[in-house]
1. Considering (1) open to solvent by 30 Å² or more (accessible area, probe 1.4 Å); (2) under 19 Å from Phe287 (Cβ atoms), say which one Thr382 fails and leave the rest.
2. Does any residue of the range 38-54 turn out to be at pLDDT 95 or above, assigned to a helix (DSSP H, G or I) and over 17 Å from Val158 (Cα atoms)?
3. Considering the range 255-289 alone, what residues qualify as being aliphatic (A, V, I, L, M) and either open to solvent by 40 Å² or more (accessible area, probe 1.4 Å) or under 28 Å from His390 (Cβ atoms) (or both)?
4. Can you tell me which residue among Val97, Val114 is away from the ligand (no atom under 16 Å from the Cβ) and at pLDDT 95 or above?
5. I'm trying to understand the selection: among the residues of the range 350-392, which are within 22 Å of Lys215 (Cβ to Cβ), in a loop (DSSP other than H, G, I, E, B) and within 16 Å of the ligand (Cβ to nearest atom)?
6. If Tyr289 passes every condition in (1) in a helix (DSSP H, G or I); (2) more than 23 Å from Asn194 (Cβ to Cβ) but one, which one does it miss?
7. Quick check on Asn354: is it on the phi > 0 side of the Ramachandran plot, touching a Phe, Trp or Tyr at 6+ places or on another chain (Cβ under 8 Å) and surrounded by 14 or more Cβ atoms within 10 Å (Cβ to Cβ)?
8. Could you please tell me which pairs satisfy a Cβ distance under 6 Å, a separation of 6+ or placement on different chains, a first residue in the range 402-429 that is β-branched (Val, Ile, Thr), and a second residue that is open to solvent by 70 Å² or more (accessible area, probe 1.4 Å)?
Amino acid sequence: MSIDYSERIPNNVDLAEDRRLQRALESWQPRFLQWWGEMGPALPTQDVYLRTAVDVGRAGWANFDRVRLPDYRWGIFLAERDPDRRIAFGQHKGEPVWQQIPGEHRASLQRLIVVQGDTEPASVEQQRRLGLTAPSLYDLRNLFQVNVEEGRHLWAMVYLLHAYFGRSGRDEAEALLLRHSGSEDAPRILGAFNEETPDWLSFFMFTYFTDRDGKYQLGTLKESAFDPLSRTCEFMLKEEAHHMFVGTTGVDRVVERAAQLMREHDTDDIARHGGIPLGVIQKYLNFHYSISLDLFGGETSTNVANYFSSGLKGRWQEERRGDDHVLTEAVTAVEHPDGDAIVSVELPALTALNHDLRTAYIRDCDTGVTRWNRILDSHGITGHRLALPHVGFNRKVGAFAGCHVTPAGQIVAAAAWAARRSSWLPTPADKAHVESLMRPVYEPGMIAAWLAPPRSGINGQPLDYQYVRF
Ligand code: BYC
């Protein structure tokens, strides 16, 4: 199903057939562009080597070309419709999926779409200034690729709001451009999206851990009985894969360079040699992982039970699960604080679905840690290991909020936790060191000294390709 690029808003949803919707979206478009100009990438560029979606089919869906950033063709692309698709879970299991929203589910679905939509522009805002300190043109190009696609993911949610939620959907679409990351008056909805992404180590951790929450949340919305939401999430997931590649390989390269410097200078203290010490990498990991765990909501949630039972939000890989997909009888074990111990309690599986999703996410996060430790091994560094902290560490949402859990998983008193905070989370001195390394490298093929080069270029281009022109 190819995409019509002759339209003002490229799309594969026959927008031209629905004049009212087309006009509504065309009146939102200049506001989006104004937002992009004010809150998008701060670094002026001439053009960037970007991929643009041209088809939603399996093969060859993207086209690579040099694009002026404000001219990027943001559009509306849904995966192909499966006319036989049926609801895979909940009380409506087995019924045909919905092309329109049943009245009783409007408010909940709108809430889910708004929360999802709110994260997309938030991340662009958080990353706004990173271009000013890019470690290479390759990395700069990847940053802009992530940014334009997050912008497109905002379009995906705004299309749903305009097309299916009438007046209140249009108002919510406006509001998505009015809230801003970190704003005192109108912050973004979810915690992690109001944090700063001030340096490239944070960016790689964000794209590894926080974008991965995106992968899992989109995976559950792809299961939705509301077919247009399912189809848009299915296509968003394709674009999302590159964002996680940026995070995984970004952290790979920081670890690789740290290992090289440790060997070269025979010391762990590589800060004086222009590297990021493993201890600092671990603290950044602890921070980004723990705030991303919060994005899954509470361990017990009636919201999520209702979403599942009514068919709005499924589980990760719902159709591959071997159970009844209704879960009214099922129970599951969840870790819970109990005094100064962490115990396993049995809960109804339905109310523990945030925990179910978070568990799949944690397993996935672990693969990165294994790979980074393998890089250390390959350099003969065996005394240091990176690790995910305990699920209860530094949590602000859910059962562990208000508890003081160490990375090793011990509950301690508030004062004891505060006394050791600086060995677990980035300190002002750690941040100042990382910041001191953030100097732009804009010559083709050159790379900042704190980071190893990538293994290969983008779309078969060489590493010294001029990925961005000024
Ligand atoms: N911060 O019942 P609970 C992405 C609220 S990332 C602030 O436990 P529920 C991306 C919650 O809203 C994926 N508030 O939560 C990544 C609720 O408020 P109400 C984004 C929070 O509803 C990188 C109350 O606390 N997509 O795509 O079961 C770059 C009670 O909570 C937080 C989605 O999240 C928090 N962290 O689950 C770009 C999918 N957590 O309703 C993009 C859509 C909870 O009582 N969202 N609260 O006023 C959802 O599925 C759910 O809303 C949540 C929360 C999973 C977020």
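1. Condition not satisfied by Thr382: (2).
2. Yes, some residue in the range 38-54 is at pLDDT 95 or above, assigned to a helix (DSSP H, G or I) and over 17 Å from Val158 (Cα atoms).
3. Of everything in the range 255-289, those that are aliphatic (A, V, I, L, M) and either open to solvent by 40 Å² or more (accessible area, probe 1.4 Å) or under 28 Å from His390 (Cβ atoms) (or both) turn out to be Val255, Ala258, Ala259, Met262, Ile270, Ala271, Ile276, Leu278, Val280, Ile281, Leu285.
4. Details: Val114 fails: away from the ligand (no atom under 16 Å from the Cβ).
Selected residue: Val97, the only one of Val97, Val114 that is away from the ligand (no atom under 16 Å from the Cβ) and at pLDDT 95 or above.
5. Of everything in the range 350-392, those that are within 22 Å of Lys215 (Cβ to Cβ), in a loop (DSSP other than H, G, I, E, B) and within 16 Å of the ligand (Cβ to nearest atom) turn out to be Ala352, Val391.
6. Going through the list (1) in a helix (DSSP H, G or I); (2) more than 23 Å from Asn194 (Cβ to Cβ), Tyr289 breaks only (2).
7. Working: on the phi > 0 side of the Ramachandran plot: no; touching a Phe, Trp or Tyr at 6+ places or on another chain (Cβ under 8 Å): yes; surrounded by 14 or more Cβ atoms within 10 Å (Cβ to Cβ): yes.
No: the conditions fail for Asn354.
8. Ile411/Asp340
The values are calculated or read from the model by the stated rules, or taken from the named source; none is laboratory data. Source: prediction; values computed, not measured. Don't worry about glycine lacking a Cβ; one is built from the backbone with ideal geometry, like all the others, and counts go over all protein chains shown. Remember, those area values only see protein heavy atoms, side chains included, never the ligands or the DNA or RNA. Shrake-Rupley method; radii C 1.70, N 1.55, O 1.52, S 1.80 Å.
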